[in-house]
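Colleague: Below you will find the structure I want to go over with you.
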Amino acid sequence: METNPRRYLIRMLIFLLSVGIIAGLLAVPLKAAFMGNPALNGVILGAFSIGVLYIVRQTLRLMPERNWLLVVKSTGKLDLAEHRPVVLATVYAMLADSRHDAQLSALSLRSVLDGVAARLDEGREISRYMIGLLIFLGLLGTFWGLLQTIGAVGNVVGSIDTNTDNFEAMMKQLRVGLDAPLSGMATAFSSSLFGLAGSLILGFLDLQLGQAMGRFFNELEDWLSAFARFNDRGPSGEKGQSPLASGMSEEAARALLALSKSIEKGETNRERVLEQVSLLNGTIAQMHEALVDERRIRDQLAQLNANILQLSDDLRTDRNQRTDIVASELRGLSSSIATMMDIKTRDTKGN
């Protein structure tokens, strides 16, 4: 909001000052014209003054709106307790809505800007009416003066005595009778003069007001466009087709956008689940291979255990055989020793 509405107010004041200088230079003829019909011309000047004050007021009305928007734009915060704007009421409602997204849809942006534009146009309706009113009052005075002139001319013509031979008296009577038609002509032309001049001045002031409001609206639109997203599409998916064009309300458009986001998020989650399932399948395959290896190892361990048992039986049998052989050898040796002992005993006794 770089443009200050005070700039256009200065233009208005310069223009009014120029008009005042011209009116001061033409004060004598303007005063004479005003006295042609002071009542009607006073009404015209009163309407003109009201129109000027109203246009200046409407221009000054943009100042607090601009200052409020500058504060919000610079701080990025909205003080709900402060004075609420009038022209920017829709912008205030949008910013004060805590449920609102960080971005605006194109439809929401258009709705907010339409509300601001409607309030700005509403502020110019009275000034436009005052311009038309001045033209109407001027035309009213014109027709009123013409009616007075026609009636007065008829009275003058009817009052002339054509039978008299005194030409000087007749001309004097005619000159006196023409004062009323001239007064009517003064009313007609003076009211047209003040009405059209006032309408011209108010038209220039209204033009400056329109430029101030237009610049204010354009800069507001540029600022709000930073929050807008233009990726909204209708259900048909046609490029550039907004939800409004497809017959949906803004709530339906928001619901459709939320649904599309949910579907997109669900698709992302589905892809993530598929990846996890693939990883799980790989893990299960590895576990299956590990189980097959474990079963193979178990079979090998069972075979090894059987071989160990067989070896143990063989060792036990071999040990028993060796024990029997040793025992038989020991028994044979013991028998041999006993026999030798007997023989030796007999030999000892024989000697």
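Colleague: Calculate, in nm to one decimal, what Arg346 and Gln276 gain on full extension: separation in residues at 0.36 nm each, minus their alpha carbon distance.
Modeller: Extra length available between Arg346 and Gln276 comes to 15.0 nm.
Colleague: Between Leu16 and Arg331, what is the spin-label point distance in nm, taking each point 7 Å from the Cα along the Cα→C-beta axis?
Modeller: Here the modelled spin labels are 15.1 nm apart.
Colleague: For an R0 of 51 angstrom, estimate the FRET efficiency from the Cβ-Cβ distance between Phe136 and Leu259 and round to the nearest 0.05.
Modeller: 0.35
Colleague: Please compute the length gained on full extension between Thr283 and Tyr129, using 0.36 nm multiplied by the number of residues separating them and subtracting their Cα-Cα distance.
Modeller: 47.2 nm
Colleague: State, to one decimal in nm, how far the label point of Ala338 lies from the label point of Arg316, with both points 7 Å from Cα in the Cβ direction.
Modeller: About 3.2 nm separates the two model spin labels.
Colleague: Evaluate the distance, in nm, between pseudo-label points positioned 7 Å from the Cα of Phe204 and of Ala32 along their respective Cα→Cβ axes.
Modeller: Roughly 2.5 nm, to one decimal.
Colleague: Multiplying the sequence separation of Gln211 and Arg298 by 0.36 nm and subtracting their Cα-Cα distance, what value in nm do you get?
Modeller: 21.9 nm
Quick note: the coordinates plus some simple rules give every number you see, no bench work behind them. The structure presented is a predicted model; accordingly, all values stated were derived computationally and were not measured. Please note: Cβ atoms are built from the backbone with ideal geometry, for glycine as well, and neighbour counts cover all protein chains shown.
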